[in-house]
Structures are given as structure tokens and as C-alpha cells.
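Accompanying notes for the structure given below.
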Amino acid sequence: MSTLEIKDLHVGVDENGVHTNILKGVNLTINTDEIHAIMGPNGNGKSTLSAAIMGNPHYHVTQGEILFDGENILEMTVDERARLGLFLAMQYPSEIPGITNAEFLRAAINARRSEEDKISVMAFIKKLDKNMDLLNMKEEMAERYLNEGFSGGEKKRNEILQLLMLEPTFAILDEIDSGLDIDALKVVAKGVNSMRGNKFGAMIITHYQRLLDYITPDYVHVMMDGRVVKSGGAELALRLEQEGYTGVAAELGLDY
Ligand code: ADP
Ligand code: MG
Ligand code: MG
């Protein structure tokens, strides 16, 4: 079992000499075998939280800790965190021209393995075929340049392919459902659900209950004003769907 622990995390950005606090003391613990949904109105620091976990240098941690199995990862680079087993699917996945999807995936898998343990071409192809089948992806997607000319839905599907191929210990999926039609949403959910187990945990950031109809979260957290203000089970997402965030805000006496 592995644990990702976020303790009293304060994060801000510096722009034009001005420091803005975005996260104001986030506490959250995710174990493997658990899926956590993070919900909340726009602009409350959900993406900032995922960026801080992955080590995006634009976001400055001013207080608190992020521990992976007890080890503080805050001094680690993005790359080191990925090697450790963290995976972030971005809201706006980038294009990498000149490298095919398959090349990228194989390099990424091998980056996490020692010299003696590199994946063979045969094993890689077998794994790639299996996972592309699961996600109903066309074979040619493997040979296309990474994300170049991919439609929004193809990029999302491809992020899930990366997830299945890399088998991270913890995945952070930031609005993986935005802009997806219902079929693509089901495919994304199928991919995530296939990862469930005692070697995998996930933090799924979403605005909508819709995705959670297909990926049942073990825990739901509401973020407002840079903090986790309320946590519950899957029923909390249903309540938010009914009441919006105003109900929770009123209950907690928060401005919204
Ligand atoms: P969410 O994902 O919940 O919509 P974000 O984490 O993207 O929220 O943003 C939280 C707040 O921090 C917003 O007010 C946003 O404008 C601000 N913010 C986020 N990233 C930056 C940045 N790079 N520079 C300046 N402000 C930022
Ligand atoms: Mg946003
Ligand atoms: Mg966001």
C-alpha cells in the first residue's frame, strides 16, 4: 500500500512582483485502492493543487508538505516525481511534434525502469495493443505524433492510454471529462476503473457529477477558497449536483 499525504499545503504564484496565495492550507490523504473526487467552483485552486503535487515550478509552496510514503517530495523535480509513480493528466495536454505516441510511451515506461528491466519491444507492443483495444482506439493513433492534430476527445483518450501504459501509483486527472461526449466519457471511465486495485490510487478533479456516474469515488472533497472545506462519500457529489455549491457554502457559512 502507498500513501500520498498533503499536509497544510499553502501555494501561491508570483506575477509582476506580486504574490497571490491560492491554496491556503489543503489537507488530503490518498491511499492506493482509493479514488478521490475533488469538486468545487471554478477558480478555487483545484488545478493549482494538481500542479503543486506534480511540481510545476510556476507554483510556489510556501508552507506545508506533500509526502509520498512518508517521504517529502517537494524538493523533487517533475521528472523525479513521475519516476516515483505520480501521474498528472492535464486539463490542456500539450503537443510534442516529432515523436510518435508509441515512441513516447515506450520511453516513458523505460524511464521508470532500471537498465536490466527495460520493456522489450514485443512486450511493449502486446501491452499497447491490449490497452488500445480496451479504449477503442484506432491502431494508427500509436504512430501519430504525440497529440499533434488530435481532437479534444482523442487527447483525453490518449491521456488514459498513457495512464494504462505507465501504471503509476497515483494519478491526478484534472477535468479529464471536460468536453467529452458520453461515449468518450465511458471509455475514459473504463480505463480508470481497469486500474483500480491495491497498487493504484487516483484524484479525479471534476466539475460535474456526470463522470462520477461511471467512476464511483470512495471519497468526495469540496474545495472552496483554497481549502478542502467538506469531505464525504459518493453521496456528497449527488448532493452538489442537486444543490450546486451554494448549499455547502451556506452550511459552512462561506461566501459563495
Ligand atoms: P480551479 O482549477 O479550481 O478552477 P485554479 O487552480 O486554476 O482553479 O486557479 C485558482 C486561482 O488561482 C484562480 O483565481 C486563478 O486565477 C489563480 N491562478 C491560477 N494559476 C495562476 C497563475 N499561473 N498565475 C496567476 N494566477 C493563477
Ligand atoms: Mg478552472
Ligand atoms: Mg482547474
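All of TYR219, TYR208, TYR245 fail the test of being surrounded by 15 or more Cβ atoms within 10 Å (Cβ to Cβ), touching a Phe, Trp or Tyr at 6+ places or on another chain (Cβ under 7 Å), of a type outside the set (A, V, I, L, M) and farther than 26 Å from LEU105 by Cα, apart from TYR245. Taking the conditions exactly as written (of a type in the set (D, E, K, R), closer than 30 Å to VAL26 by Cβ and more than 16 Å from ligand 3 (Cβ to nearest atom)), does ASP117 satisfy them or not? In short, no. Just name the residue that is farthest from ILE172 (Cα to Cα) out of those in the stretch 13-45 that are of a type in the set (Gly, Ala, Ser) and more than 16 Å from ligand 3 (Cβ to nearest atom). Per the stated criteria, the residue is GLY17.
Filtering the stretch 109-148 down to residues that are in contact with a strand residue (DSSP E or B) (Cβ under 8 Å, 6 or more places away or on another chain) and either crowded, with 17+ Cβ neighbours inside 10 Å or among the basic types (Lys, Arg) (or both), which residue is modelled with the lowest pLDDT? Among residues in the stretch 109-148 that are in contact with a strand residue (DSSP E or B) (Cβ under 8 Å, 6 or more places away or on another chain) and either crowded, with 17+ Cβ neighbours inside 10 Å or among the basic types (Lys, Arg) (or both), the one modelled with the lowest pLDDT is ASN147. Being without any contact (Cβ under 8 Å) to a residue 60 or more places away in the chain and either in contact with an Asp or Glu (Cβ under 6 Å, 6 or more places away or on another chain) or among the small types (Gly, Ala, Ser) (or both) holds for only one residue in GLY226, GLY232, and it is GLY232. Residues in the stretch 12-29 that are surrounded by fewer than 22 Cβ atoms within 10 Å (Cβ to Cβ) and within 30 Å of GLY197 (Cβ to Cβ): ASN27, LEU28, THR29. Residues that are acidic (Asp, Glu) and within 15 Å of ligand 1 (Cβ to nearest atom) were ranked within the stretch 167-192; the one that is nearest to ARG81 (Cα to Cα) is ASP174. Out of the stretch 123-149, which residues are out of contact with any Pro (no Cβ under 8 Å at 6 or more places or on another chain), under 27 Å from ASP79 (Cβ atoms) and not charged (D, E, K, R)? Listed by number, the residues that qualify are ALA123, PHE124, ILE125, LEU128, ASN131, MET132, LEU135, MET137, MET141, ALA142, GLY149. Of the set (1) hydrophobic (A, V, I, L, M, F, W, C); (2) more than 16 Å from ligand 3 (Cβ to nearest atom); (3) under 29 Å from ASP225 (Cβ atoms), all apply to ALA107 but (3).
In the stretch 55-81, what residues are modelled with pLDDT under 95 and of a type in the set (S, T, N, Q)? Those that are modelled with pLDDT under 95 and of a type in the set (S, T, N, Q): ASN56, THR77. Selection of strands (runs of 3 or more DSSP E) fully inside the stretch 33-105 by the criterion of at least 3 residues being of a type outside the set (Val, Ile, Thr) returns 35-39, 60-68, 86-89.
May I ask you to verify whether ARG157 is buried (at least 16 other Cβ atoms within 10 Å of the Cβ), under 17 Å from the mean Cα position of the chain (by Cα) and either of a type in the set (D, E, K, R) or within 26 Å of SER2 (Cα to Cα) (or both)? Considered against the rule, which asks whether it is buried (at least 16 other Cβ atoms within 10 Å of the Cβ), under 17 Å from the mean Cα position of the chain (by Cα) and either of a type in the set (D, E, K, R) or within 26 Å of SER2 (Cα to Cα) (or both), ARG157 comes out as yes.
From the list LEU9, LEU28, LEU84, the one residue that fits, being touching a strand residue (DSSP E or B) at 6+ places or on another chain (Cβ under 7 Å) and away from ligand 1 (no atom under 16 Å from the Cβ), is LEU84.
Here is a list of conditions, (1) among the aliphatic types (A, V, I, L, M); (2) farther than 16 Å from ASP174 by Cα; (3) touching a residue at least 24 places away in the same chain (Cβ under 8 Å), and ALA107 meets all of them except one; can you say which number that is? Every condition holds for ALA107 apart from (3). Number of residues in the stretch 166-212 that are within 16 Å of ligand 3 (Cβ to nearest atom) and not small (Gly, Ala, Ser) equals 14.
Taking the criterion of being in contact (Cβ under 8 Å) with a residue 40 or more places away in the chain, surrounded by fewer than 23 Cβ atoms within 10 Å (Cβ to Cβ), within 15 Å of the chain's Cα centre (by Cα) and more than 9 Å from ligand 1 (Cβ to nearest atom), the only residue of the stretch 37-69 that qualifies is MET54.
The values are calculated or read from the model by the stated rules, or taken from the named source; none is laboratory data. Worth saying up front: this structure is predicted, and the values here are computed from it rather than measured. Cβ sites come from the backbone with ideal geometry, for glycine too, and all protein chains shown count toward neighbours.
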